[in-house]
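Engineer: Handing you this structure, nothing more for now.
The values are calculated or read from the model by the stated rules, or taken from the named source; none is laboratory data. All values reported here derive from a predicted model rather than from experimental measurement. Cβ placement follows ideal geometry from the backbone for every residue including glycine, while neighbour counts extend to all protein chains displayed. Remember, those area values only see protein heavy atoms, side chains included, never the ligands or the DNA or RNA. Shrake-Rupley method; radii C 1.70, N 1.55, O 1.52, S 1.80 Å.
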Amino acid sequence: TIPFDPQKAAQILDAAGWKVGPRNVREKVVDGKTVELRFKILYPSGAATSRDATLLYQKAAAEAAVLIEPEQQEWGNVLKRLEDRDFEACHLGWANSWDSDPTQIWHGDQADVPRSSNHVSYKSAELDRVIDGLKTTFDPAKRKELWREFQRIVTDDQPYCFALVPTRPWFIRTRLGN
């Protein structure tokens, strides 16, 4: 877990050469050209949680003089841009079963496959080893350890920023009571 600390973020950005410019936006000279620290967050229209989260990120980033531009698109356009890897950042929600096969999204052999679900071209030999182990390990205790290792690697590498975890249930069977 990375704590929310705009002052610490500002120190890190300052140390990396991103200084607050005259428009109150961080900037840096890159290849002889002054560029602002700005990026767009793509999210699907109709996704209120993604919209609201993006606006929160925008507000928080502004405290560190970073510009975030929300970019709302219809789902078909979002999916195409993800598949084409034509985005700077994206806010989406995921739901997986507790023991799903992570190959399609996380395995390095999917990173360079056009239109694959590994949208960020993530590669990790260590994670590939864990994923391959999950395919051949059937002992529940050993699988549990592999999943823990999976979570540790993804948390340490941060190929995605898992920013929100809803606390409300997604599905409720009407036949259940109390």
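Engineer: Would you mention how many residues in the stretch 44-64 are open to solvent by less than 50 Å² (accessible area, probe 1.4 Å) and hydroxyl-bearing (S, T, Y)?
Structural biologist: 3
Engineer: Select from the stretch 70-98 the residues that are among the acidic types (D, E) and out of contact with any Phe, Trp or Tyr (no Cβ under 8 Å at 6 or more places or on another chain) and write down the one among them that is least open to solvent (accessible area, probe 1.4 Å).
Structural biologist: E83
Engineer: Next up: Quick check on L67: is it open to solvent by less than 80 Å² (accessible area, probe 1.4 Å), in contact with a strand residue (DSSP E or B) (Cβ under 9 Å, 6 or more places away or on another chain) and at pLDDT 95 or above?
Structural biologist: yes
Engineer: Still on this model: List pairs: first in the stretch 14-43 and free of Cβ contacts under 8 Å to residues at least 12 places away in the same chain and aliphatic (A, V, I, L, M), second part of a strand (DSSP E or B) and surrounded by 12 or more Cβ atoms within 10 Å (Cβ to Cβ), Cβ under 7 Å, 6+ apart or cross-chain?
Structural biologist: V35/E27; V35/K28
Engineer: Pick from K33, K19, K28: which is exposed (fewer than 12 other Cβ atoms within 10 Å of the Cβ), over 23 Å from H119 (Cβ atoms) and not hydrophobic (A, V, I, L, M, F, W, C)?
Structural biologist: Matching residue, one of K33, K19, K28: K33.
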